[in-house]
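A.B. asks: One structure, pasted below without further comment.
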Amino acid sequence: MNAAAPVLQVRELTVKRGARVLCEALSFEVRPNDCCVIIGPNGAGKSTLLLTLAGLLSPERGNIEWSGAPLSSLNALERARHRAFLASQQNDVFSATVFDAVLAGRHPHLAAWQWEGVDDVAAAETALTHLKLEPLAMRDVRTLSAGERQRVALAAMLAQAPSLYLLDEPASHLDPTQQTEALDTVLAHARKHRAAVVMVLHELHLATRYADHVILLGDKSTNGKAQTGSAAEMLTTERLSALFGAPMVTLEGDALKSFVPARDQEPLIPDP
């Protein structure tokens, strides 16, 4: 049991998008070394919830604390030093090398007008190595494939070394091997620094592999109220079938587990 003080504590959080309530009275906490995974159908509000936890959107009601400090009490620099946020898409307007993009992860730790030092450069180089990006170090980020750019974004987070990682679909654009290699690396780095991870995932095999805790968002059978609990409690065929509105079955083998839609579902394409 993890008795350490929470890195992230959420109390009675209500998040809305326009007039639509995405989650109501949501309470949970994430402690050092913990991984919490948010799962739900498209449009359930997973990204909006993550943006709210990152302090980039304001909740309708409720309280968010990072390491015991109310999020509302922290300025932009304090927030940047505490948490790293990975958006679901990476958009590059200006030219930059892969190395410089990763080194930018160190900027929250620098004083105004301060240049990066030896330790900052070493952190960036280590992150490049861990994500197997050394051959791309001098490439312009705008020339990368979507998968390569995703690994660069993850490397910048490793260089940042936050207390809280907030990741929106970190496995997107990555092939199966890269998915596990990248997330193994991020989780190992987080544990080394006693950080916490909250991530949105669509890949259920990755959720069963990494999650300690799970938030199910968008289950219509609960009137949209989020469900929270341990991975063992939340990741079941019954709960996931209700969440996605279709029968799910379990696949297991080699100490791994996942869930997929049942094969006997009717196609959605109407007859001509």
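A.B. asks: Which condition number in (1) touching a residue at least 60 places away in the same chain (Cβ under 8 Å); (2) more than 25 Å from GLY147 (Cα to Cα) is the one that ALA262 fails?
C.D. replies: (1)
A.B. asks: For the structure I just gave you, tell me whether LEU206 is touching a Phe, Trp or Tyr at 6+ places or on another chain (Cβ under 8 Å) and at pLDDT 95 or above.
C.D. replies: Here the answer is no, as LEU206 does not meet what is asked.
A.B. asks: Please enumerate the residues belonging to the stretch 134-155 that are in a loop (DSSP other than H, G, I, E, B) and either touching a helix residue (DSSP H, G or I) at 6+ places or on another chain (Cβ under 6 Å) or open to solvent by 30 Å² or more (accessible area, probe 1.4 Å) (or both).
C.D. replies: Across the stretch 134-155, the qualifying residues are ALA137, MET138, ARG139, SER145.
A.B. asks: Look at LEU158 and say whether it is touching a helix residue (DSSP H, G or I) at 6+ places or on another chain (Cβ under 8 Å), within 24 Å of HIS193 (Cα to Cα) and open to solvent by less than 50 Å² (accessible area, probe 1.4 Å).
C.D. replies: yes
A.B. asks: If you take the residues in the stretch 222-253 that are touching a residue at least 60 places away in the same chain (Cβ under 8 Å) and on the phi > 0 side of the Ramachandran plot, which one is surrounded by the fewest Cβ atoms within 10 Å (Cβ to Cβ)?
C.D. replies: This residue is GLY245.
A.B. asks: Name the pairs: first residue in the stretch 3-23 and open to solvent by 10 Å² or more (accessible area, probe 1.4 Å), second residue among the basic types (Lys, Arg), Cβ to Cβ under 6 Å, at least 6 apart or on different chains?
C.D. replies: Listed pairs, sorted by first residue: ALA4/ARG31; PRO6/ARG31.
A.B. asks: While we're looking at this one, here's another question. I'm trying to understand the selection: among the residues of the stretch 39-55, which are surrounded by 14 or more Cβ atoms within 10 Å (Cβ to Cβ) and either small (Gly, Ala, Ser) or over 15 Å from GLU24 (Cα atoms) (or both)?
C.D. replies: ILE39, GLY40, PRO41, ALA44, GLY45, SER47, LEU51, ALA54, GLY55, listed by residue number.
A.B. asks: From the list ARG142, ARG106, ARG79, which residue is of a type in the set (Lys, Arg), out of contact with any Leu (no Cβ under 8 Å at 6 or more places or on another chain) and under 25 Å from HIS193 (Cα atoms)?
C.D. replies: Of ARG142, ARG106, ARG79, the one residue that is of a type in the set (Lys, Arg), out of contact with any Leu (no Cβ under 8 Å at 6 or more places or on another chain) and under 25 Å from HIS193 (Cα atoms) is ARG106.
A.B. asks: If you check ALA84, ALA123, ALA101, which single one turns out to be open to solvent by less than 70 Å² (accessible area, probe 1.4 Å), within 30 Å of LEU206 (Cα to Cα), small (Gly, Ala, Ser) and outside any helix (DSSP H, G or I)?
C.D. replies: Of ALA84, ALA123, ALA101, the one residue that is open to solvent by less than 70 Å² (accessible area, probe 1.4 Å), within 30 Å of LEU206 (Cα to Cα), small (Gly, Ala, Ser) and outside any helix (DSSP H, G or I) is ALA84.
A.B. asks: Give the residues of the stretch 58-72 that are of a type in the set (A, V, I, L, M), without any contact (Cβ under 8 Å) to a residue 40 or more places away in the chain and not in a helix (DSSP H, G or I), sorted by residue number.
C.D. replies: ALA69
Residue-by-condition table, conditions (1) assigned to a loop (DSSP other than H, G, I, E, B); (2) modelled with pLDDT under 95; (3) more than 17 Å from GLU60 (Cα to Cα):
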| site | (1), (2), (3) |
| --- | --- |
| GLN9 | no, no, no |
| LYS16 | no, yes, no |
| CYS23 | no, yes, no |
| GLU29 | no, no, yes |
| PRO32 | yes, no, yes |
| VAL37 | no, no, yes |
| ASN42 | yes, yes, yes |
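A.B. asks: How many residues are open to solvent by 30 Å² or more (accessible area, probe 1.4 Å), under 20 Å from GLU12 (Cα atoms) and touching a Pro at 6+ places or on another chain (Cβ under 9 Å) when one looks only at the stretch 56-81?
C.D. replies: Selection size over the stretch 56-81: 4.
A.B. asks: Go through (1) of a type in the set (Gly, Ala, Ser); (2) within 17 Å of ARG31 (Cβ to Cβ); (3) touching a Pro at 6+ places or on another chain (Cβ under 7 Å) one by one and return the number of the condition SER230 breaks.
C.D. replies: All conditions pass for SER230, except number (3).
The values are calculated or read from the model by the stated rules, or taken from the named source; none is laboratory data. Remember, predicted model here, so these are calculated numbers, not experimental data. Here the Cβ is made from the backbone with ideal geometry for all residues, glycine too, and neighbour counts use every protein chain on show. For the accessible areas, the whole protein counts, side chains as well, though only heavy atoms, and no ligand, DNA or RNA atoms are used. Shrake-Rupley method; radii C 1.70, N 1.55, O 1.52, S 1.80 Å.
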